[in-house]
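Data first, discussion second: the structure below is written as structure tokens.
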Amino acid sequence: MGGVEDEEPALKRTKLSSKGLVGLSNGSSSVDRVVGSSSDLMARPLSTEGDDEIVGTKGIIKRGEFVRIITKALYSLGYKKSGEHLEEESGISLNSSVVNLFMQQIRDGDWDESVATLNKIGVEDESIVRDASFLILEQKFFELLDGDKVMDALKTLRTEITQLCVDSTRIRELSSCIVSPCGRDGSSRRDSLRARTRLTLLEELQEMIPPNIMIPEKRLEHLVEQALLLQREACLFHNSLEKEMSLYSDHHCGKTQMPSRTLQILEAHDDEVWFVQFSHDGKYLATASNDRTAIIWEVDINGELSMKHKLCGHQKPVSSVSWSPNGQELLTCGVEEAVRRWDVSTGKCLQVYEKNGYGLISCAWFPCGKYILSGLSDRSVCMWELDGNEVESWKGQKTLKISDLEITGDGKHILSICKENAILFFNKETKDERFIEEDQIITSFSLSKDSRFLLVNLLNQEIHLWNIQGDPKLVGKYKSHRRSRFVIRSCFGGVKQSFISSGSEDSQVYIWHRNSGDLVDALPGHSGAVNCVSWNPANPHMLASASDDRTVRIWGLKCLDVKYPNAYSNGNNHHCNGGELR
């Protein structure tokens, strides 16, 4: 074909038998045993033909590595002939002959020979050699036990495994397989400790041994997946679980995946709406208002909201709400007044939490759903049982009069604004305290679903993102929204909480890409300050915003040809984003 016959034939890879070790490269069990031993072989580097040559346009991919990884992938996918042909044509062997021998010895159960060969494959780190030898001899130990060769297994344990001085705890566990073969429940200790076949042993060894000697399984797949994930994370508008990613082109999402159109306007409150929050399953929305009421809205299967209950009973404006972990109950907090617990299905008030002489200023549920937490006007934090009994109270400057309150997912840490510029992380079990300190006054904060990140709204019109795993680290900043007089709240949202949204005093809703900090959109429509936003955790395309204009807006995808029959309120048509809602 096209002059190929005139070219010098490619070097053939080294083979250890007439049938070769093709099957070994992909872990196949049908492998011919190699004649001879590792003493006939010398550790030598792989063929370097083309290894220093660079491929690609960026000058970073070595041809030799690239070919070896492709070859490995071919064998893993079952294309043995193609893998062998690529080795021959390129002159670049997947493995050296001594590595091929080592792999075959593992597959054949030649444990002593494989340990000897291990020392000849070129691993310079002695600790890796010891750890790998331990895994091989452990497999030998178990297979001797399986063959009822208990004395041989004991000898292997005493004279070979123990001599490596690796993992004394594991050695005691192996000893127990001989001394006490059965556990207390009658189960076999051997079965509970051993969960490895020869194939999985080989895969573990490939992960342990340096990759320039033995390429790990599925290395090409890992690289491709990593590239796709990085593209997705860098995509400014990726907000869909259903968006398929293709290897044929770079990943890119349009702005159509972002909530940008008002689908519904909720107008049941008689005064400013201060707080809004979806339930954890996304089936309900709760809103709190200066009109001293809270409203539970139900989200139907088509994404349309309707009022389920209007909750009355507070004597002062309702400043915040908190959903129970199962979504069946709701807490509402009046401004320096009381916390009320409501049944979502009936709208009935189940309990009122109050303390003589003090006003309650915030509320939160413990993840177990058995206790609630509240901040008090004397700056303490109180823990209650559901029936209203006070369980514990932490005195001192634990919270401010206007404060958010959060509990981490493990139920151990309480988060509150303890000073104007500091957030307290209080361990309720050990009583240890840690702090996030800002240079500016903190106005509100929000905890991510996984309890690993914290959004902090500041007086200087910035939102800071903190990683709170271990020592807190500032990892992101978001700007452009407006805040000068009021408490403005922000939230995480979208697919895998990849976005940040916030209200603003300029009557708009702001959305940023979480990783890059880039502003994705600013949504006009409200006629007053937007105090709070909430992203539906079950629907990445649904966002709610609460405003001083007495309304709550439900934002969704901008599909102009889709009709939303419930996008009316009080019989009036509403104009948003320059067009009539239909």
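Points to keep in mind about this one:
- Computed Kirkwood radius, in angstrom, where 1/r is averaged over Cα pairs of segment 312-398: 12.8
- Taking the average, over residues, of other Cβ atoms within 10 Å as the packing measure, peptides 314-325, 249-260 rank 314-325, 249-260 from highest down.
- FRET efficiency, Lys419 to Lys155 (Cβ-Cβ, R0 56 Å, nearest 0.05): 0.25
- Estimated vicinal HN-Hα couplings, Hz - segment 490-505 in sequence order (Karplus 6.51, -1.76, 1.60; Gly, Pro = x): 10, 8, 8, x, x, 4, 6, 6, 7, 10, 10, 10, 8, x, 6, 6
- Gain on full stretching of the segment that runs from Asp271 to Leu241 - 0.36 nm per residue minus C-alpha separation: 7.1 nm
- Reciprocal mean inverse distance between Cα atoms of segment 474-548 - Kirkwood radius, Å: 12.3
- Amide H contacts of Leu350: Arg341, Trp342, Asp343, each under 5 Å away and 5 or more positions distant or on a separate chain (H built 1.01 Å from N in the peptide plane; Pro and chain starts excluded).
- Placing +1 on the Cβ of every Lys and Arg and -1 on the Cβ of every Asp and Glu, with nothing else charged, gives segment 256-557 a dipole about its Cα centre of roughly 260 debye.
- Across segment 235-312 the C-alpha pair distances fall into 5 Å bins from zero in the proportions 3, 13, 18, 17, 14, 11, 9, 7, 4, 3, 1, 0 percent.
- Divided by 2.2 N^0.38 Å, where N counts the residues, the Cα radius of gyration of segment 256-557 comes to 0.92.
- Euclidean distance between Cα centres, segment 70-147 to segment 55-69, Å: 24
- Among the listed pairs Lys412/Lys558; Lys140/Lys218; Lys477/Lys558; Lys431/Lys473; Lys449/Lys558, those beyond 32 Å (Cα-Cα): Lys412/Lys558
- At q = 0.11 Å⁻¹, base-10 log of I(q)/I(0) for segment 382-537 (Debye sum, equal scatterers on each alpha carbon): -0.44
- Where both bridge residues fall in segment 256-557, DSSP classifies roughly 100% of the beta bridges as antiparallel.
- Counted charge near Gly347, where neighbours are those whose Cβ lies closer than 13 Å (Asp, Glu -1; Lys, Arg +1): +2
- The protection proxy used here, the mean number of other Cβ atoms lying within 10 Å of each residue, ranks peptides 84-91, 162-169 as follows, highest first: 84-91, 162-169.
- Burial ranking of peptide ranges 336-343, 170-177 (average Cβ count within 10 Å, highest at the top): 336-343, 170-177
- Rolling a 1.4 Å probe over the protein heavy atoms gives segment 256-557 an accessible area of 39 Å² per residue.
- Rounded to whole Hz, the Karplus (6.51, -1.76, 1.60) HN-Hα couplings of segment 252-265, x for glycine and proline: 7, 10, x, 5, 5, 7, 9, x, 9, 10, 6, 8, 8, 10
- Principal semi-axes in Å for segment 341-451 [√(5λ), Cα gyration tensor, largest first]: 23, 16, 14
- The stretch between Glu462 and Ala522, if pulled fully straight at 0.36 nm per residue, gains 20.1 nm over its current Cα-Cα span.
- Working from label points 7 Å from Cα in the Cα-to-Cβ sense, the Asn356 to Ile441 distance is 3.5 nm.
- Atom-type composition of the exposed protein surface of segment 256-557 places 43 percent of the accessible area on carbon and sulfur (1.4 angstrom probe).
The values are calculated or read from the model by the stated rules, or taken from the named source; none is laboratory data. For clarity, every value in this text was computed on a predicted model and none was experimentally measured. A quick note on method: Cβ atoms are made from the backbone with ideal geometry, for glycine too, and the neighbour counts reach across all protein chains shown. Accessible surface is based on the protein model in full, side chains and every heavy atom, while ligands, DNA and RNA are left aside. Shrake-Rupley method; radii C 1.70, N 1.55, O 1.52, S 1.80 Å.
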